[in-house]
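Input: a single structure, listed below in structure tokens.
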Amino acid sequence: MKPMRILSGIQPTGNLHLGNYFGMMKQAIELQDKGEAFYFIADLHSMTSLFDPKLRREYTLEVAYTFLACGLDPKKAVLFVQSDVPEVTELTWLLGTVTPMGLLERCHSYKDKIAKGIAPSFGLFAYPVLMAADILIYDSDIVPVGQDQKQHVEVTRDIAIKFNERYGTTFKLPEALIRSETAKVPGIDGEKMSKSYGNTIEIFADEETARRKIMSIKTDSRRPEEPKPDADKNIAIQLMKLLAPPEVAQEYEDRLRRGGLGYAELKRKLFECYWEYFAPARKRYAELKANPSIVHDVLVEGARKARATAQVVLARARAAAGVGWV
């Protein structure tokens, strides 16, 4: 039986944080043992919100360093940069010709970004079509996404169905894989952790910066001795459940619920858990940064493997649509 094909991507729009790790990266790394994994760094997508080309290149490399440091194995998973597979942009056009305007107008991401003040553009509006091409061009079976990205997989399926109905069966229909328990990683202010909110804790922040951010986590004004029956809603406790052994997280939640645990002590423990959790990855990250040719070679080889698959699927779509002569 052919192994399951897994596809996921992440935008290079800043240094990666705990929300990126627990919302996408950790699951992606675990899934590399479950099938054929294709993971791309979505530099083309980043062009709708990041406009500094130098930063885009820096962040693209940073994603690669971080992914590899955290456990992605290039012998098990294909890691590549989205734009190094130009076939995806041609497929975007083929798919765009069968995509109804109404389908794109209903997409939440476009409305949300416009509401946040991002200037509307064709790229922003057509973002779901490029995402559909990203998914379909690798014959993906499973697409791990956060709850907020579920609609994009549904749109991808709708576009694939439209193409298949018009030109004959060409694309397989992917399924979304959503991990509800890590769908929302809280930031230091309690909102979803996001670079756009400025509330992140970076995976590889320096010790002083990480400590300062963790100690600034939002809390209420209740005194240490007061019982906190809603301890499970405390931001530090929620993050500790991700970073600490279960018994440790439960101990601190129980102490907070009973009363007698101060928020400062809780945050200090959270910092210890965070620092220890990423210690092996931090060491590997430093090794990779000292040897950038390793990451370069991984991305070159990843692009080669990704293009080999993409070219086959694109040729199938071109033939179905009657596009091309030579």
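Taking amide H positions as placed in the peptide plane 1.01 Å from N, state which residues far from Val78 in sequence (5 or more) or on other chains have amide H under 5 Å from it.
Placed amide hydrogens put Ala37, Phe38, Tyr39 under 5 Å from Val78.
Assuming R0 = 41 Å, what is the FRET efficiency of Glu226 and Leu124, from their Cβ-Cβ distance, to the nearest 0.05? Before the final figure, lay out the partial values.
Values: r = 47 Å, r/R0 = 1.15.
Rounded to the nearest 0.05, the efficiency is 0.30.
Between their Cα atoms, which of Lys54/Lys289; Lys54/Lys267; Lys150/Lys241 are more than 28 Å away from each other?
Numbers: Lys54/Lys289 18 Å; Lys54/Lys267 36 Å; Lys150/Lys241 25 Å.
Pairs exceeding the cut-off: Lys54/Lys267.
For region 223-233, in order, what is each residue's ³J(HN,Hα) by Karplus, 6.51 cos²θ - 1.76 cosθ + 1.60 with θ = phi - 60°, in whole Hz (x at glycine and Pro)?
Going residue by residue, I get 6, x, 6, 6, x, 10, x, 9, 4, 5, 8 Hz, with x marking Gly and Pro.
Between His45, His296, His152, where does the largest GNM mean-square fluctuation fall for the chain, given springs only between Cα atoms within less than 10 Å?
Per the Cα network of the chain with a 10 Å cutoff, His296 tops the list.
How much of the calculated P(r) for region 205-277 lies past 20 Å, in percent of all Cα pairs? Before the final figure, lay out each step's value.
On the way: 592 of 2628 pairs.
When every Cα pair of region 205-277 is considered, 23 percent fall beyond 20 Å.
Nearest 10 degrees is fine. How inclined is helix 87-96 to the longest principal axis of the chain, computing both from alpha carbons?
80 degrees
If you fit an axis through the alpha-carbon atoms of helix 53-69 and take the longest principal axis of the Cα set of the chain, what angle between them do you get, 0 to 90°, nearest 10?
Roughly 70 degrees between the two axes.
Once both axes come from the Cα atoms, what is the angle between helix 150-167 and the longest principal axis of the chain, in degrees from 0 to 90, rounded to 10?
10 degrees
Which of the listed residues, Leu173, Ile114, Tyr263, is farthest toward the dipole's positive end in the chain, when Lys, Arg count +1 and Asp, Glu count -1 at the beta-carbon?
It is Ile114.
What number, in percent, do you get for the relative contact order of the chain if the mean sequence gap of Cα pairs under 8 Å and at least 6 apart is divided by its residue count? Provide the component values of the computation, followed by the final result.
Details: 462 pairs, mean separation 73.7, N = 326.
Across the chain, relative contact order equals 23 percent.
Report, in whole Å, the centroid distance computed from the Cα atoms of region 182-261 and region 63-133.
The two parts, judged by their Cα centres, are 32 Å apart.
Can you put Thr60, Thr89 in order of Cβ neighbours within 10 angstrom, beginning with the fewest? Don't jump to the answer; show the numbers that get you there.
Values: Thr60 21, Thr89 13.
Listing Thr60, Thr89 from fewest to most nearby Cβ atoms yields Thr89, Thr60.
In nanometres, what is the gap between the two model label sites at Met4 and Met101, each 7 Å from Cα along Cα-to-Cβ?
For Met4 paired with Met101, the spin-label model returns 4.0 nm.
Percent relative contact order of region 205-277, based on C-alpha pairs within less than 8 angstrom and at least six residues apart? Mind showing how you got there, number by number?
On the way: 73 pairs, mean separation 31.2, N = 73.
Relative contact order here is 43 percent.
Taking the Cβ of each residue in Tyr138, Tyr285, Tyr21 as the centre, tally the other Cβ atoms inside 10 Å and list the residues starting with the fewest.
Working: Tyr138 23, Tyr285 19, Tyr21 27.
Placing the least packed residue first, the sequence is Tyr285, Tyr138, Tyr21.
Please give, to one decimal in nm, the separation of the simple spin-label points placed at Gln147 and Met215, each 7 Å out from Cα toward the Cβ.
Each label point is offset 7 Å from its Cα along the Cβ direction, giving 3.4 nm.
Rounded to the nearest 500 deg cm²/dmol, what is the calculated helix-only ellipticity per residue at 222 nm for the chain, with -39500 (n - 2.57) per DSSP H run of length n ≥ 4?
Values: 15 runs with 170 residues, N = 326.
Helix contribution divided over all residues of the chain: -16000 deg cm²/dmol.
From the residues Met193, Pro74, Leu136, which one has its Cα farthest along the dipole of the chain in the positive direction, the dipole being from +1 and -1 charges on Cβ of Lys/Arg and Asp/Glu about the Cα centre?
With unit charges placed on the Cβ atoms, the residue in question is Leu136.
Mind sorting Asp232, Asp52, Asp158 by how few other Cβ atoms lie within 10 Å of their own Cβ, fewest first?
Numbers: Asp232 12, Asp52 9, Asp158 17.
Listing Asp232, Asp52, Asp158 from fewest to most nearby Cβ atoms yields Asp52, Asp232, Asp158.
Might you report the magnitude of the Cβ-based charge dipole of region 205-277 about its Cα centre, with Lys and Arg at +1 and Asp and Glu at -1, to the nearest 20 debye?
On the way: 15 positive and 15 negative charges, 61 e Å.
Taking the Cα centre of region 205-277 as origin, the dipole is about 300 debye.
Pick the calculated Rg/Rh (Cα atoms, Kirkwood Rh) for this structure from [x] 1.01; [y] 1.11; [z] 0.96?
Among [x] 1.01; [y] 1.11; [z] 0.96, the one calculated here is [x].
So, with +1 on the Cβ of K and R and -1 on the Cβ of D and E, and no other charges, what is the size of the charge dipole of the chain about its Cα centre, to the nearest 20 debye? Numbers along the way, then the final one.
On the way: 46 positive and 43 negative charges, 46 e Å.
So the dipole magnitude of the chain works out to roughly 220 debye.
What GluC sites (Glu not before Pro) does region 74-120 have in DSSP loop regions with at most 14 other beta carbons within 10 Å? Don't jump to the answer; show the numbers that get you there.
Working: sites: Glu87, Glu90, Glu105; in loops: none.
Sparse-neighbourhood loop GluC sites (Glu not before Pro): none present.
Amide H of Gly9: which non-local residues (sequence gap of 5 or more, or other chain) have their own amide H closer than 5 Å, using H built in the peptide plane?
Close amide H contacts, sequence-distant or interchain: Phe40.
At R0 = 51 Å, how high is the FRET efficiency between Trp93 and Asp206 if r is their beta carbon distance? Nearest 0.05 is fine.
0.70
Please compute the contact order of region 187-326 in relative form: average sequence separation of alpha-carbon pairs under 8 Å and at least six residues apart, divided by the residue count, as a percent. Walk me through the intermediate numbers first.
Working: 107 pairs, mean separation 28.5, N = 140.
Here the relative contact order equals 20 percent.
What's the FRET efficiency of Gln311 with Arg57 using the Cβ-Cβ distance as r and R₀ = 22 Å, to the nearest 0.05?
On the way: r = 25 Å, r/R0 = 1.15.
Given R0 = 22 Å and the Cβ-Cβ separation, E is 0.30.
Laboratory data are not the source of any read-out in this text; all were calculated from the coordinates shown. These figures come from a predicted structure and were not determined experimentally. Virtual Cβ from ideal backbone geometry, glycine too; neighbours counted across all protein chains shown.
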